[in-house]
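Taking it in order: structure first as C-alpha cells, then the write-up.
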Amino acid sequence: MAASTFYIPAINLMGSGCLQDAASAVESYGWKKALIVTDAPLVKLGVVGQVAELLSKHGVTSVVYDEVKPNPNVTNVEHGLKVLKENECDFVISLGGGSPHDCAKAIALVATNGGAITDYEGVDQSAKPQLPLVAINTTAGTASEMTRFCIITDDSRHVKMAIVDKHTTPVLSVNDSDLMLGMPPSLTAATGMDALTHAIEAYVSTAATPITDACALQAVTLISNNLRTAVKEGSNAEAREKMAYAEFLAGMAFNNASLGYVHAMAHQLGGFYDLPHGVCNAILLPHVQTFNAQVAAERLGDVAKAMGCDVAGKSADDAAAVCIDAIRTLAADVDIPAGVAQLGMKEEDIPTLAENAMKDACGVTNPIQPTFEQVCEIFKSAM
C-alpha cells in the first residue's frame, strides 16, 4: 500500500448544543472580527443573528456577507473578499451548508494568497495557509465544513472548478444537529444522498485506505438507517444527529480517498444548468456505479451489506446489482427525481458536459477511467 496523508480539521465539535462550545473556542483563539459568510435564507430564519449575538457575548464582533448562491461563483468570492477587506476582518466564519463553506474557503484563500480564485483550480495550487476559517454546518450532506475541497462556479466557462487544497481545511468545524432541525425535506434528501455518494465513491476509489473504508461503510449504514426518517420527520432529533455523524464520516472518507465520476459529472450539471448538487449526485450515483461494477463489484457488495441488504451466497456481480437497486430505492423513497432530463439537461449538451467532466480533478480516483464515449453514454442513461 502506498504512503497516504489523512486530512481533517484540528478540532471538530459534534452533537446537539455544541454551538455554545464553538463560541468559547473562537474566543480562546483571540480573533476579534469575523466575516460571516452565509446565505439569505439563514438570515431570514434568524440563525445568523443567533450566531452573531453569541459571538458578541464572547467579545467577537462580526460583519455578514449573505449573498452566497446555491452554486457559489467567482463573483460571490470577489464580493465577499471586498467586504472582508473593507471591514478588516481577521478570520472567517462559514454558516450554512456546502455553498457558504465553499465560498468562505475561497474568500479566505484569496485573502492571504492574492490573485483570483481561478488561479487555484486543481490540487494544492496555493502557497500560503488561508485566513483562519471556522465552519458552522447546518446541513447533513456536503461535509465541506471539514474538507479540503472547495467548488466554485466559473460562470464565464460554465464550469464548476474543483479546488482541492490542504490550505482550505477549516481550523474548527461545528456540527450542532440542533441547527439542522429546520431543514426542509427536499434539502434533507438532497444533502443526505450527497453524503451517501461521498461514502460510496470514497469506498470504490483507487486511493481508499483501511481508515477511509471504515469511515465510508459506517456512513453508509447510518444514512441507510436514518435518512428516510430525517426526511419524513424533520424534528426527529435522533435521526438528525445520526445524519450529522454520517455526513462527517463520509467527509472523512472522501477528504482522504477522494471521489469519482459521479462528482466529476455532477459538477458539470451544476456549473452548466445551475442545478442542486446533491440531487445531481443522487441521480447519477446508480448509473456510474453500474459502470464501475465491472471492476468494483466486490466493493459494491460490501456497500450493499452496509445498507442492510442480504447478499449471502451471491456472486460479486449479483451483490453489486443488489447495491445499485438499494441506492435507487433509497433515492425514490426520499423523492429524488428519476432522471436529469426532469431538471433541464439537454441531450445536445452531453458532449460538452462529458468533455468537461473528463477534466475534473474528482475523476482521477474513479476505479476505472471511462472514455469520452462512455461518459456520454452514462449521461444519456441518467436522463
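The values are calculated or read from the model by the stated rules, or taken from the named source; none is laboratory data. The model shown is predicted, which means the values in this text are computed figures rather than measured ones. So basically every Cβ, Gly included, is an ideal-geometry build from the backbone, and we count neighbours across all protein chains shown.
Do any helices (runs of 4 or more DSSP H) lying entirely in the range 284-383 carry at least 2 residues that are within 20 Å of the chain's Cα centre (by Cα), and which ones are they?
Details: elements: 316-333, 350-357, 372-381.
The helices (runs of 4 or more DSSP H) meeting that bar are 316-333, 350-357.
Considering only residues that are farther than 16 Å from residue 129 by Cβ and aliphatic (A, V, I, L, M), look in the range 85-105 and name the one that is farthest from the chain's Cα centre (by Cα).
93
Can you find a residue that is out of contact with any His (no Cβ under 8 Å at 6 or more places or on another chain), in contact (Cβ under 8 Å) with a residue 40 or more places away in the chain and in a strand (DSSP E or B) anywhere in the range 94-115?
The answer is yes, given that some residue of the range 94-115 is out of contact with any His (no Cβ under 8 Å at 6 or more places or on another chain), in contact (Cβ under 8 Å) with a residue 40 or more places away in the chain and in a strand (DSSP E or B).
Just one of the numbered conditions (1) charged (D, E, K, R); (2) more than 21 Å from residue 14 (Cβ to Cβ); (3) surrounded by fewer than 24 Cβ atoms within 10 Å (Cβ to Cβ); (4) in the same structural domain as residue 324 (by TED's automatic domain parsing) is not true of residue 238; which one?
Failed condition: (2).
Do you know which of the residues in the range 70-93 that are in a helix (DSSP H, G or I) and among the β-branched types (Val, Ile, Thr) is surrounded by the most Cβ atoms within 10 Å (Cβ to Cβ)?
Within the range 70-93, the first condition is being in a helix (DSSP H, G or I), and the residues that meet it are 74-86.
Filter once more, keeping what is among the β-branched types (Val, Ile, Thr): 74-75, 77, 83.
Numbers: 74: 18, 75: 12, 77: 27, 83: 18.
Looking at the filtered set, the residue picked out is 77.
If you go through the range 334-375 one residue at a time, how many are of a type in the set (A, V, I, L, M, F, W, C) and under 30 Å from residue 125 (Cα atoms)?
Total satisfying the criteria: 11.
Any residue at all in the range 58-67 that is assigned by TED's automatic domain parsing to the domain that holds residue 152, of a type outside the set (Val, Ile, Thr) and assigned to a helix (DSSP H, G or I)?
No, there is no match, as no residue in the range 58-67 is assigned by TED's automatic domain parsing to the domain that holds residue 152, of a type outside the set (Val, Ile, Thr) and assigned to a helix (DSSP H, G or I).
Please enumerate the residues belonging to the range 184-194 that are under 17 Å from residue 232 (Cβ atoms), touching an Asp or Glu at 6+ places or on another chain (Cβ under 9 Å) and crowded, with 24+ Cβ neighbours inside 10 Å.
189, 191, 192
May I ask you to list the residues in the range 362-383 that are touching a Pro at 6+ places or on another chain (Cβ under 9 Å), without any contact (Cβ under 8 Å) to a residue 24 or more places away in the chain and within 13 Å of residue 204 (Cα to Cα)?
Hits for the range 362-383: nothing passes.
For the subset of the range 11-47 comprising residues that are among the β-branched types (Val, Ile, Thr) and over 18 Å from residue 105 (Cα atoms), which member is surrounded by the fewest Cβ atoms within 10 Å (Cβ to Cβ)? Steps first, answer last, please.
Step one: filter the range 11-47 for residues among the β-branched types (Val, Ile, Thr), giving 11, 26, 36-38, 43, 47.
Now restrict to residues that are over 18 Å from residue 105 (Cα atoms): 43, 47.
Working: 43: 15, 47: 19.
Among those residues, the one meeting the criterion is 43.
Considering only the range 1-50, how many residues are touching a His at 6+ places or on another chain (Cβ under 9 Å) and in a strand (DSSP E or B)?
Of the residues in the range 1-50, 1 are touching a His at 6+ places or on another chain (Cβ under 9 Å) and in a strand (DSSP E or B).
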